[in-house]
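The values are calculated or read from the model by the stated rules, or taken from the named source; none is laboratory data. Since this is a predicted model, take the numbers as computed values, not measurements. Neighbour counts are summed over all protein chains in view; Cβ atoms, including those assigned to glycine, are modelled from backbone coordinates with ideal geometry. Remember, those area values only see protein heavy atoms, side chains included, never the ligands or the DNA or RNA. Shrake-Rupley method; radii C 1.70, N 1.55, O 1.52, S 1.80 Å.
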Amino acid sequence: MKAPVLSGTLRLIVCVLFGQPEEDRTGDLKRRLVEALHLQPGQTAADVGCGDGSYTIPLARFLGPSGKLYAEDIDGPGLFKLKETLSKAGLQNVEVIKGADDDPKLPVNRLDAALIVNAYHEMTAHEAILRHVRDALKPGGTFVLMEGIWENREAQSRDEQIKHHELAPRFAKQEVESAGFEIVEVHDPFLERPPDEDGKSRWWVIIARKPAR
């Protein structure tokens with residue numbers, strides 16, 4: 001079953017918030033990811049492993065003052081900088097959370113959607129993190145996971161891939177299912193990346209949901 005498509009109006013809002021022009025690869029990547037979350041203004045979401053807030057800021061603006069965004073990370077100094085950025089931007093609908101290695105400390109059954117972008121491979125207790133994210137979602141809530149992989153390392157073990165800060169979708173798909181999610185779609189590739197000294201690589205995305213029951 002495929003996730004519903006955003007309406008024309010919401011798609012326009014997303015394009016404005018997540019980057020223009022349409023040819024901009026970074027803006028296009030962010031726009032497509034927020035569409036995959038299937039959010040509406042006024043809803044509640046979480047950016048898990050939020051880092052510097054690359055997705056936090058535009059997501060908070062998209063959700064609006066009646067919405068709520070939890071921005072979680074384990075990096076204290078990084079979260080301090082994010083709080084400063086949020087204050088300067090006048091965004092008051094974001095709650096910044098310092099999580100633990102095995103617990104993002106999200107409220108239970110509160111989220112309409114959750115996002116982990118290019119951070120899952122860093123999570124040493126990824127099984128526990130996935131369970132907590134599942135518990136934080138409302139029944140039927142959406143979970144979106146994005147990671148990258150280089151073709152020349154795709155056949156390697158999970159441990160070897162993690163050493164290079166990447167992960168193949170075959171590992172993540174099994175782990176997401178084992179955590180109790182239903183896989184809705186796997187987009188692989190989600191976006192091809194320009195070749196570099198390590199060869200060809202791509203972003204992939206898993207869209208899953210917490211079972212309604």
**OP:** List nothing, just return the count: lysine pairs in the chain, 8 or more apart or interchain, with Cα separation under 18 Å.
**Re:** 15
Subject >> In sequence order, calculated HN-Hα J values of region 40-53 (Karplus, 6.51, -1.76, 1.60; Hz; x Gly/Pro) >> reply: 10, x, x, 8, 10, 9, 9, 9, 8, x, 6, x, 7, x
Original post:
Once phi is turned into ³J(HN,Hα) by the Karplus curve 6.51 cos²θ - 1.76 cosθ + 1.60 with θ = phi - 60°, what whole-Hz value does each residue of region 177-182 show in order, with x for glycine and proline?
Top reply: 5, 5, 7, x, 8, 9
Original post:
Considering only protein heavy atoms, what per residue accessible area in square angstrom results for the chain with a 1.4 angstrom probe?
Top reply: 48 Å²
Original post:
Ala114's amide H: which non-local residues (gap 5+, or another chain) put their own amide H closer than 5 Å, with H modeled 1.01 Å from N in plane and none for Pro or chain starts?
Top reply: Ala46, Thr142, Phe143, Val144
Original post:
Gain in length, Phe80 to Asp188, computed as 0.36 nm per residue apart minus the alpha-carbon separation, to one decimal in nm?
Top reply: 35.4 nm
Subject >> Residue-span extension gain [Glu197 to Lys163] - 0.36 nm each, minus C-alpha spacing >> reply: 10.5 nm
**OP:** Keeping all protein chains in position, work out how much accessible area Phe171 exposes to a 1.4 Å probe, and write it in Å² to the nearest 10.
**Re:** 40 Å²
Subject >> Cα-based shape type of region 77-184, given that a ≥ b ≥ c are square roots of the gyration tensor eigenvalues and the cut on a/c is 1.5 >> reply: oblate
Original post:
Got the relative contact order for the chain handy, in percent, Cα pairs under 8 Å and 6 or more residues apart?
Top reply: 17 percent
Original post:
Given +1 on the Cβ of Lys and Arg, -1 on the Cβ of Asp and Glu, and no further charges, what dipole in debye does region 95-213 carry about its Cα centre, rounded to the nearest 20?
Top reply: 580 debye
Subject >> Considering only the chain, percent of DSSP beta bridges that pair antiparallel, nearest 5 >> reply: 50 percent
**OP:** In whole Hz, with x marking every Gly and Pro, tabulate ³J(HN,Hα) for region 133-140 from phi via Karplus 6.51 cos²θ - 1.76 cosθ + 1.60, θ = phi - 60°.
**Re:** 5, 4, 5, 6, 6, 5, x, x
Original post:
Ordered by packing density, taken as the mean number of other Cβ atoms within 10 Å over each peptide's residues, highest first, how do 205-212, 155-162 rank?
Top reply: 205-212, 155-162
Subject >> For Gly67, distant residues with modelled amide H under 5 Å away >> reply: Gly42
Subject >> Cα gyration tensor shape of the chain, rounded if a/c is under 1.5, else prolate or oblate by comparing a/b with b/c >> reply: rounded
